[in-house]
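The values are calculated or read from the model by the stated rules, or taken from the named source; none is laboratory data. It should be emphasised that the depicted structure is a prediction, and the values quoted were computed from it without experimental measurement. Don't worry about glycine lacking a Cβ; one is built from the backbone with ideal geometry, like all the others, and counts go over all protein chains shown. Just the protein is used for accessible areas: all its heavy atoms, side chains included, with ligands, DNA and RNA removed. Shrake-Rupley method; radii C 1.70, N 1.55, O 1.52, S 1.80 Å.
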Amino acid sequence: MTTSEGPVSQSVSMHRWLISTWEWLERCPLSILQLGMRIGVGMVFFKAGLLKYQSFEFAVKLFEDEYKLPFLAPAVGARMAMINELATSTLLFLGLATRLTTLPLFGMISVIQIFVYPSAWPDHVLWGSILIFLLIRGPGLLSLDSVIERYFAKRG
């Protein structure tokens, strides 16, 4: 074996290792990723809704002083946001009506981006991308949507 074969052999070996690693990673079920997406985005909104619930007066004050939405009274906006955040995040956790649930969350992100925190676009792009993925691909096998779908598929 000459000295020039050593690096070539190592390169081929490294290439094979990378290929086998990619193939192994591709076998990971998409439903695990979808579950992680649902929990990750859901936690962001659940925590925000829980905070509003635990201190509703503070939430109203935030809507009055900081958020200043031009089309909603602060108390109405705070209550709508709290209900939306708690209900939709719970539905995301369960994977129930997932595709429908992404729409009010995407709307909320849009309102926040446009009227409240325009400089927070990196977070909003991340959350929005995840929601769009869930809208297009669904919640995955680890969801109540999937259980319901399988139930009705068996019946008819």
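Can you work out D for the stretch 62-119 in µm² s⁻¹ from Stokes-Einstein, where Rh is the Kirkwood radius over C-alpha pairs, the temperature is 25 °C and the viscosity is 0.890 mPa s? Let's see the in-between values first.
Numbers: Rh = 12.1 Å.
Rounded, D is 202 µm²/s.
Name the trypsin sites (Lys or Arg not before Pro) in the stretch 98-156 that are in a loop by DSSP and that have at most 15 other C-beta atoms within 10 Å, would you? Each step should come with its number before you reach the end.
Numbers: sites: ARG99, ARG137, ARG150, LYS154, ARG155; in loops: none.
Passing both the DSSP loop test and the Cβ count: no residue.
Answer with one residue from GLY40, PRO29, VAL147: the one whose Cα lies farthest towards the positive end of the charge dipole of the chain, charges on Cβ with Lys, Arg +1 and Asp, Glu -1.
It is VAL147, whose Cα lies furthest towards the positive end.
Residue by residue through the stretch 104-119, which ³J(HN,Hα) values in whole Hz follow from phi under the Karplus form 6.51 cos²θ - 1.76 cosθ + 1.60 (θ = phi - 60°), with glycine and proline marked x?
x, 5, 5, x, 5, 4, 5, 5, 4, 5, 6, 9, 10, 10, x, 7
Rounded to a whole number, what % of the accessible area of the stretch 74-156 do carbon and sulfur atoms account for, probe 1.4 Å? Could the numbers behind the result be given before it?
Values: 3590 of 4890 Å².
About 74 percent, which is the carbon plus sulfur part of the accessible surface.
About the Cα centre of the chain, what is the dipole size in debye to 20, counting +1 per Lys and Arg Cβ and -1 per Asp and Glu Cβ, all else neutral? Intermediate results must be reported in sequence, preceding the final value.
Working: 13 positive and 11 negative charges, 110 e Å.
Around 520 debye, computed over the chain.
What percent of all Cα-Cα pairs in the chain falls into each 5 Å bin, going from 0 up to the bin containing the maximum distance?
2, 8, 14, 15, 13, 11, 8, 7, 6, 5, 4, 3, 2, 1, 1, 0
For helix 74-94, what angle does its Cα long axis make with the longest principal axis of the chain, in degrees from 0 to 90 and rounded to 10?
With rounding to tens, the tilt is 30 degrees.
Mind pulling up the Rg/Rh value for the stretch 82-156? Radius of gyration and Kirkwood radius, both on Cα.
Details: Rg = 14.3 Å, Rh = 13.3 Å.
On the Cα set of the stretch 82-156, Rg over Rh gives 1.08.
Can you give me the accessible area per residue for the stretch 21-156, using a 1.4 Å probe, in Å²?
On the way: 8510 Å² over 136 residues.
Accessible area per residue, the stretch 21-156: 63 Å².
Kindly express, to the nearest 10 degrees and within the range 0 to 90, the angle between helix 5-26's C-alpha long axis and the longest C-alpha principal axis of the chain.
With rounding to tens, the tilt is 40 degrees.
Tell me the relative contact order for the chain as a rounded percent, counting alpha carbon contacts under 8 Å between residues six or more apart. Show your work: numbers first, answer last.
On the way: 130 pairs, mean separation 42.1, N = 156.
Once normalised by length, the contact order is 27 percent.
Per DSSP H run of at least 4 residues, take -39500 (n - 2.57); add these up for the chain, divide by its residues and hand me the 222 nm value, nearest 500 deg cm²/dmol. Let's see the in-between values first.
Details: 7 runs with 118 residues, N = 156.
After summing the helix terms and dividing by residue count, I get -25500 deg cm²/dmol.
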